[in-house]
Structures are given as C-alpha cells and as structure tokens.
Amino acid sequence: MISVTDYKELFKSFSSIRIGVIGDMMLDTYWWGNVERISPEAPVPVVTVDRKEYRIGGAGNVALNLASLGTPVTVFSVIGDDDDGQILRGLLDEKNIDTGYLLKSNNRITTNKMRVISRNQQMMRLDSETQDPLTPDQEKNLITKLETFVNEQSPAAIIFEDYNKGVLTEKVIRRIIDICKSKSVITAVDPKRKHFFDYKGVDIFKPNLKEAREALNLLIDEVDQDTLMEIHQKLKEELHHQISFITLSEKGVFYDDGVESHMVASHIRNVADVSGAGDTVIAVATLVYALTKNTRMMAEIANLAGGLVCESVGTEAIDKIKLLKECQRLLIEK
C-alpha cells in the first residue's frame with residue numbers, strides 16, 4: 001500500500017530528473033466572445049470577440065505539463081521562422097521550458113490552431129499548418145541536437161509526441177530510439193497512424209483505443225480485459241516494446257507490461273473539454289514511470305491527471321497541488 005507520505009515524496013522528486021520532448025510543436029490561439037445574432041451575409045453566428053489568448057499546444061503542451069509539475073524539460077522540433085513561431089517560443093521561455101535546441105526554418109510554417117469560443121463552446125477552428133516531412137538536412141540537424149542533449153544532460157526520458165505534422169519522420173524516430181537505447185534513456189510515445197509501427201523498441205507505447213484498433217484492423221465492440229490483452233499482444237508482435245498504455249476515453253486506461261495488466265477506471269468528472277488530455281497523460285505517465293518503474297502507479301496517477309485537465313476549456317496543464325490531493329484522496333478511498 002502506498003502511503004500519503006510516499007506520494008508527497010514522489011511529487012517532491014519531480015524536479016530531480018530532466019525529460020526531453022520531441023515532436024510537432026503548436027501554437028493554440030483562442031478567440032473568446034459572445035453570440036447575439038446571425039449574420040445577414042450567411043446563416044452563421046456572429047461572434048463579437050472580446051478576448052484573444054495564446055497557449056502552448058501540441059508537443060509543447062506535453063512539455064508544459066512537465067514544467068507545471070516542476071520537472072526540468074527541453075523541447076526539440078522544427079518550427080517556422082514566422083510570427084507564430086516567435087510567439088510560441090516566447091510562451092515556452094516564459095514557462096521555463098528549455099528552447100535552446102529548438103530549430104526554425106524559413107520553408108516551414110508554425111502550426112497554429114485558432115479556436116473561436118462562445119459560452120464555453122467551440123464555434124469554429126481554423127488551422128494554419130504544414131504536414132510536409134522534414135528535409136534530410138533538417139532531420140540531420142534535429143537528430144544531432146537531440147544526441148548532443150542526451151550526451152551532455154543525461155535525461156531520464158525522451159517523449160515522442162506525434163501529430164502527423166512532419167517533424168517525426170521514420171529516420172528521426174528510428175535514430176533517436178537507437179540513441180536513447182545506447183544511453184539507457186526511457187522512451188515513450190503518443191503515436192499517430194502514419195508512423196504507428198515505426199516506434200519499434202520503445203519503452204512506453206501510448207495510443208488511444210481507437211488508434212490501436214484502426215492500426216491493427218480490429219473490429220471490437222466490447223472493451224474488456226481479455227480484448228485489451230489481445231491488443232497488447234498484437235502490438236508487441238509488431239513493436240517489441242515494453243509497456244502498452246492504452247487510453248480508453250471515459251472508461252479510463254489500460255496497461256500491460258508483460259508481468260501484469262489492468263484496467264484503471266476513470267473517475268467521475270465535470271468534463272468541459274478533452275483537448276490536451278492525452279498530452280497530460282503521456283507527460284505524467286513518463287515522469288512517474290521514470291522515477292518509480294512502477295507501471296500500476298504510473299497508470300493510476302496519469303489517469304487522474306487526464307481527468308483533471310478535462311474540467312477546463314482548452315488545453316490546460318495539470319495543476320501539481322490538485323493532482324497530489326487527488327492521489328491522496330484515491331489512497332483514502334482504497
């Protein structure tokens with residue numbers, strides 16, 4: 001049984017290791033306003049914008065969650081040499097996220113997801129992005145940056161956050177996994193369909209159930225322990241990874257590390273927005289596992305964290321104090 005003191009000590013240790021995050025960095029833009037009429041030009045609502053807000057999105061949101069927990073974190077990506085990229089870098093710097101290895105390019109644009117929100121409901125989203133893969137020179141520079149980081153700063157883990165925007169190419173993925181293995185650095189991935197099976201040999205593989213089902217071409221109606229164990233085995237045959245950590249939406253999460261497997265049920269929440277929940281889950285799971293090597297604790301705390309951030313509108317980093325209180329409450333309930 002885990003004591004409350006152990007949770008406190010675990011949370012204190014969050015600042016004792018460094019983690020790197022590599023993937024598709026994004027800028028999230030929110031336009032907040034009110035709707036009081038329909039446009040005379042077309043049957044669409046007119047939103048009177050009264051507030052604009054910029055937030056860190058994509059792989060940057062994974063880094064933001066780690067920083068919010070007090071963990072030193074470094075980001076790796078290629079962003080555009082543009083205004084959005086400058087804003088994004090400034091936001092990362094404000095949160096004490098290390099951007100010293102971040103690359104910029106004049107032949108890419110920085111991904112910006114612009115959301116129009118009224119009465120806490122998203123009315124529209126406008127995406128400005130490129131999905132072109134990195135050029136060979138950009139791949140080489142990114143790999144070199146990360147290898148230098150691993151050699152000089154000895155991180156505990158590297159998280160791959162893939163949004164299919166072109167930063168995580170097959171070459172980048174394979175080379176960085178090899179680098180991490182040679183230095184005993186934990187690797188974790190939140191995959192997308194395009195490169196789903198390129199992450200061979202990672203330590204923690206975290207798809208959601210829909211992604212896993214589609215990648216394996218499985219028709220599944222019932223979600224139960226036996227079905228999920230079968231999915232783990234099929235993934236293992238392809239990836240030869242260590243841990244399957246599958247998010248199940250409102251049903252919670254599932255993990256299988258080859259020794260034990262378990263479904264962790266979700267907790268009742270006032271869900272406002274699921275945006276960014278997966279970012280929070282992979283960040284917390286990797287951090288907890290890197291410190292404890294305890295797969296069940298990893299799954300339980302990450303599951304709690306994912307539920308907490310769903311109570312806010314838009315991408316929101318996890319609150320360390322709230323998460324600790326939730327962990328202590330869960331212990332009492334047990």
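The values are calculated or read from the model by the stated rules, or taken from the named source; none is laboratory data. Values in this document were obtained by computation on a predicted structure and should not be read as measured data. Backbone-built Cβ (ideal geometry, glycine too); neighbour counts: all protein chains shown. Calculation scope for accessible area: heavy atoms of the full protein, side chains included, ligands and nucleic acids excluded. Shrake-Rupley method; radii C 1.70, N 1.55, O 1.52, S 1.80 Å.
Annotations
- Cross-link partners for LYS145 among the lysines, with Cα-Cα distance under 19 Å and sequence neighbours closer than 8 places in the same chain left out: LYS104, LYS171, LYS181, LYS183.
- Computed on the chain, with alpha-carbon pairs under 8 angstrom and 6+ residues apart, the relative contact order is 17 percent.
- With the simple spin-label model, which puts each label point 7 Å out from Cα in the Cβ direction, the ASN96 to GLU9 separation comes to 2.4 nm.
- Three-way shape label, the stretch 1-133, alpha-carbon gyration tensor, a/c 1.5: oblate
- Proximal charge balance of SER261 [Cβ under 12 Å; K/R count +1, D/E count -1]: -4
- For the chain, with +1 on Lys and Arg beta carbons and -1 on Asp and Glu, the positive-most of VAL202, GLY85, CYS327 along the dipole: CYS327
- Additional length obtainable on full extension of the chain from ARG119 to ALA265, 0.36 nm per residue less Cα span: 49.5 nm
- Solvent-accessible area assigned to carbon and sulfur over the chain amounts to 47 percent, based on a 1.4 Å probe.
- When the pairs LYS165/LYS210; LYS206/LYS251; LYS206/LYS293 are compared against a 18 Å limit on Cα-Cα distance, LYS165/LYS210 fall above it.
- Charge sum, other residues only, whose C-beta stays under 13 Å from GLU222's C-beta, Lys/Arg counted +1 and Asp/Glu -1: -2
- Of the peptides 48-55, 285-292, the order by per-residue mean of other Cβ atoms within 10 Å, starting with the highest, comes out as 285-292, 48-55.
- Applying 0.36 nm per residue to the separation of ARG174 and HIS240 and subtracting their alpha-carbon distance, the gain on full extension is 22.4 nm.
- DSSP bridge pairs, the chain: antiparallel proportion in percent, nearest 5: 45
- Highest mean first, the peptides 118-127, 201-210 sorted by other C-beta atoms within 10 Å per residue fall in the order 201-210, 118-127.
- Counting only Cβ charges, +1 for Lys and Arg and -1 for Asp and Glu, the dipole size of the chain around its Cα centre is about 520 debye.
- Between the labelled values (1) 31, 58, 10, 0; (2) 25, 52, 21, 2; (3) 31, 53, 16, 0, the entry that holds P(r) over Cα pairs in 20 Å bins from 0, in percent as derived from this structure is (1).
- Per-residue [θ]222 nm for the chain (sum of -39500 (n - 2.57) over DSSP H runs n ≥ 4, rounded to 500): -12000 deg cm²/dmol
- You can think of it this way: the chain between GLU152 and ASP83 has 21.7 nm of extra reach, that is 0.36 nm per residue less the Cα-Cα gap.
- Theoretical FRET efficiency, 1/(1+(r/R0)^6), r = Cβ-Cβ of ARG329 and ASP226, R0 22 Å, to 0.05: 0.10
- Distance between the stretch 188-240 and the stretch 144-169 - C-alpha centres, whole angstrom: 22
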